[in-house]
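Contents: one structure, followed by commentary.
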Amino acid sequence: MEHETTYRVKFETLGCKLNFSETATLGKLLAEQGIVPATEDEQPHLCVVNTCSVTDLADRKCRQHIRSLIKRYPHALVVVTGCYAQLKSQEIAQIPGVDIVLGSEQKLDIATYVKQWLADHQPTVAVTDTPKISRFCPSCERGDRTRYWLKVQDGCDYYCSYCTIPMARGRSRSGTIEQLMQQVRQVAQEGGKEIVLTGVNIGDFGKNTGERLIDLLRLMDEVQEIERYRISSIEPDLLTDEIIDFCARSRAFMPHFHIPLQCGSNEVLRLMRRHYNRELFAEKVYRCRQAMPDCFIGVDVMVGTRGETDEFFEQSHDFIAALPVQHLHVFPYSERPGTYALRIPLVVSQKTKQERAARMIALSDRKQREFIAGYLGTTRPVLMEQPHGDATMHGFTDNYIRVNVAPDAALVNRVVNVRLLSLNDDLTVDAQVI
Ligand code: SF4
């Protein structure tokens, strides 16, 4: 790079936490080439959009973001990567102003492609066929937050009938335990206190290395400087009793699990090609509750999937209502090209999907309120986060209750005990540091 000009880059990231941590990794790779982030009022030379393709809406949003960036920075070089780029690279390449489209395998080589474009100004589409995707893009970032997101696994071999992620991210693979432990020690050196393990199907860790998730968790727990770990999500059939018991006895794994259920009807779970039935799911929930009575359990629920009759939806709602879980992450089903689900004849109307989503969200709200109410007046440890411009400081308790306390700069990135005082409409709790 001719160093008279310091190249400035602007990032736009859509989608999951995995995408955000990967964007930060791309930022690091470009920074190694002297390309630095542009400030808000600087004209970037380069714009990078890391896309998501989990629903039709996500695709539409990506196109809107790409077009508005091109309109705002007409002279910038535009690079598009991420799941949408992997799945529909030609569609993106046809958007006027897009210069480079990189698939999941090529995103790590972003600096090389940018250099090449600066040399020849040739539009580039570099995407590997999904089955051949094999590289693991390591990433461990906190961006402007306090907690770190450590990517431990990528890709998925499950092929649930409604999902395109295996087609966008390739086969299940992970970093080696040694590679990941180096990143954990780096976080400790940087003074990090909490690490959230992230991935596509974390429980499938070690598919390409022959290593086991439990062995990684054990080694992580030995790094004394890290006071907290959370597993961002784990499939019910991969959440072994060994992992549950280990977390319960561990020094630093928090009493908090996020377990995708998707539906509480076995008929629909079969249509979704999920790898468990609702009885197994309930067993895991009660196993967690028994091992960690204070644990917070979040659950992914999809509504309005093809084949979900009124009866099956009621079964799902009642099943979840009876379970000791605390929060539902509700997704209305979205038709995805190339998925098996499109062969299921019964289609649920948009109106019914919205009604079912509203009922599940109301159920989630009630459950989370009941859970939090049980802790008012008690004391819990909280990692205080870097404030972001508002008048209060926030943090999560060990069992994932969001608290607000009076701001005190000395508390940033420290685990302190707080008394939970009162519950707000937004499900946060006003608390007092003690
Ligand atoms: S487990 Fe199923 S829903 Fe999750 S990423 Fe894999 S295929 Fe998609």
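Per the 1.4 Å probe, what fraction of the accessible area of the stretch 161-225, in percent, lies on carbon and sulfur atoms? Present the calculation step by step, with values, prior to reporting the outcome.
Working: 1140 of 2500 Å².
In the stretch 161-225, the share of accessible area belonging to carbon and sulfur is 46 percent.
Measuring from centroid to centroid over Cα atoms, what is the spacing of the stretch 123-163 and the stretch 301-323 in Å?
30
Using a ≥ b ≥ c from the Cα gyration tensor of the stretch 8-128 (square roots of the eigenvalues), is it rounded, prolate or oblate, where a/c under 1.5 gives rounded and otherwise the larger of a/b and b/c decides, a/b for prolate?
Numbers: a/c = 1.25, a/b = 1.24, b/c = 1.01.
Cα axes put the stretch 8-128 in the rounded bin.
For the stretch 100-208, what is the Kirkwood hydrodynamic radius in Å, using each pair of distinct C-alpha atoms? Before the final figure, lay out each step's value.
Values: mean 1/r = 0.0643 Å⁻¹.
Hydrodynamic radius (Kirkwood, Cα pairs) of the stretch 100-208 is 15.5 Å.
What percentage of the solvent-accessible surface of the stretch 8-128, computed with a 1.4 Å probe over protein heavy atoms, is contributed by carbon and sulfur atoms? List each step's numbers first, then the result.
On the way: 2870 of 5420 Å².
Roughly 53 percent of what the probe reaches on the stretch 8-128 is carbon or sulfur.
Taking all protein chains in place and a 1.4 Å probe, what share, in percent, of the accessible surface of the stretch 379-433 do carbon and sulfur account for? Let's see the in-between values first.
On the way: 1230 of 2500 Å².
Taking all protein chains in place, the stretch 379-433 shows 49 percent carbon and sulfur surface.
I need the phi-derived Karplus couplings for the stretch 379-387: 6.51 cos²θ - 1.76 cosθ + 1.60, θ = phi - 60°, integer Hz, Gly and Pro marked x.
10, 9, x, 9, 8, 7, 9, 4, x
Quick one: which residues, 5 or more positions from Val78 or on another chain, have an amide H under 5 Å from its amide H? H modelled 1.01 Å from N in the peptide plane, none for Pro or chain starts.
Here the answer is Cys47, Asp99, Ile100, since their amide H atoms fall under 5 Å of that of Val78.
Got a sec to turn the phi values of the stretch 294-304 into Karplus ³J(HN,Hα) couplings, 6.51 cos²θ - 1.76 cosθ + 1.60 with θ = phi - 60°, whole Hz, x for Gly and Pro?
8, 6, 9, 10, x, 9, 7, 10, 9, 10, x
Largest first, what is the accessible-area ranking of Tyr286, Tyr148 with a 1.4 Å probe?
Details: Tyr286 110, Tyr148 10 Å².
Output order, biggest surface exposure first: Tyr286, Tyr148.
Accessible area per residue, 1.4 Å probe, Å², for the chain: what's the number? Please list the in-between numbers first.
On the way: 18640 Å² over 434 residues.
Each residue of the chain exposes 43 Å² on average to a 1.4 Å probe.
Given points 7 Å out from each Cα along the Cα-Cβ axis, report the Ala119 to Arg218 separation in nanometres with one decimal.
A separation of 4.9 nm, rounded to one decimal place.
Students often check this: by mean Cβ neighbours within 10 Å, which of 348-357, 17-26 ranks highest, and how do the rest follow? Can you show the working numbers first?
On the way: 348-357: 15.5, 17-26: 21.1.
Ranked from most to least packed, the peptides come out as 17-26, 348-357.
Considering only DSSP states other than H, G, I, E and B, which GluC sites (Glu not before Pro) in the stretch 123-202 qualify as loop sites with at most 16 other Cβ atoms within 10 Å? All intermediate terms of the calculation are to be shown ahead of the outcome.
Values: sites: Glu141, Glu178, Glu190, Glu194; in loops: Glu190.
Here the sparse-neighbourhood loop sites are Glu190.
Could you run the Karplus curve 6.51 cos²θ - 1.76 cosθ + 1.60 with θ = phi - 60° over the stretch 90-101 and give me ³J(HN,Hα) per residue in whole Hz, x for Gly and Pro?
Each residue's phi maps through the Karplus curve to give 5, 4, 6, 4, 7, 6, x, x, 7, 9, 9, 10 Hz.
Among Gln90, Ile244, Ile195, which residue has its Cα positioned farthest towards the positive end of the charge dipole of the chain, with +1 placed on the Cβ of Lys and Arg, -1 on the Cβ of Asp and Glu, and the dipole taken about the Cα centre?
The Cα lying farthest towards the positive end belongs to Gln90.
As a test question: what accessible area, to the nearest 10 Å², does Trp117 have when a 1.4 Å probe is rolled over all protein chains in place?
40
With just the Cα atoms defining each centre, how far is the stretch 364-434 from the stretch 1-54? Give it in Å.
Result: 33 Å between the Cα centres.
Given q = 0.08, 0.11 Å⁻¹, what are the Debye log10 I(q)/I(0) values for the chain, with equal point scatterers placed on the Cα positions and solvent ignored?
-0.48, -0.94
My understanding is that a pair violates if its Cα-Cα distance is over 32 Å; which of Lys10/Lys351; Lys207/Lys351; Lys107/Lys351; Lys17/Lys88; Lys132/Lys367 do that in this structure?
Values: Lys10/Lys351 38 Å; Lys207/Lys351 41 Å; Lys107/Lys351 39 Å; Lys17/Lys88 21 Å; Lys132/Lys367 43 Å.
In this structure, Lys10/Lys351; Lys207/Lys351; Lys107/Lys351; Lys132/Lys367 exceed 32 Å between Cα atoms.
Quick one: ranking Tyr84, Tyr340 by accessible area, 1.4 Å probe, largest first, what do you get?
Values: Tyr84 0, Tyr340 80 Å².
Reading off the accessible areas and sorting them downward yields Tyr340, Tyr84.
Counting DSSP beta bridges in the chain, what percent are antiparallel, to the nearest 5?
On the way: 21 of 62 bridges.
That works out to approximately 35 percent antiparallel.
For the stretch 139-373, how big is Rg over Rh, using alpha carbon atoms and the Kirkwood form of Rh? Please list the in-between numbers first.
On the way: Rg = 18.3 Å, Rh = 18.7 Å.
Ratio of gyration radius to Kirkwood radius for the stretch 139-373: 0.98.
FRET efficiency for Asp318 and Asp109, Cβ-Cβ distance as r, R0 = 51 Å, nearest 0.05? Working shown, then result.
On the way: r = 50 Å, r/R0 = 0.99.
So the FRET efficiency works out to roughly 0.50.
Please list the non-local residues whose amide H lies under 5 Å from the amide H of Asn208, H modeled 1.01 Å from N, same-chain partners needing a gap of 5 or more.
Answer set, sorted by chain and number: Ser174.
Between Gln106 and residues 5 or more places away or on another chain, which pairs have amide H atoms under 5 Å apart, with H built 1.01 Å from N, and which residues are they?
Thr128
The values are calculated or read from the model by the stated rules, or taken from the named source; none is laboratory data. Since we're looking at a predicted model, the values are computed, not measured. All Cβ positions, glycine included, derive from the backbone under ideal geometry; neighbour counts span all protein chains shown. Side chains are part of the model used for accessible areas, which takes the heavy atoms of the whole protein and leaves out ligands, DNA and RNA. Shrake-Rupley method; radii C 1.70, N 1.55, O 1.52, S 1.80 Å.
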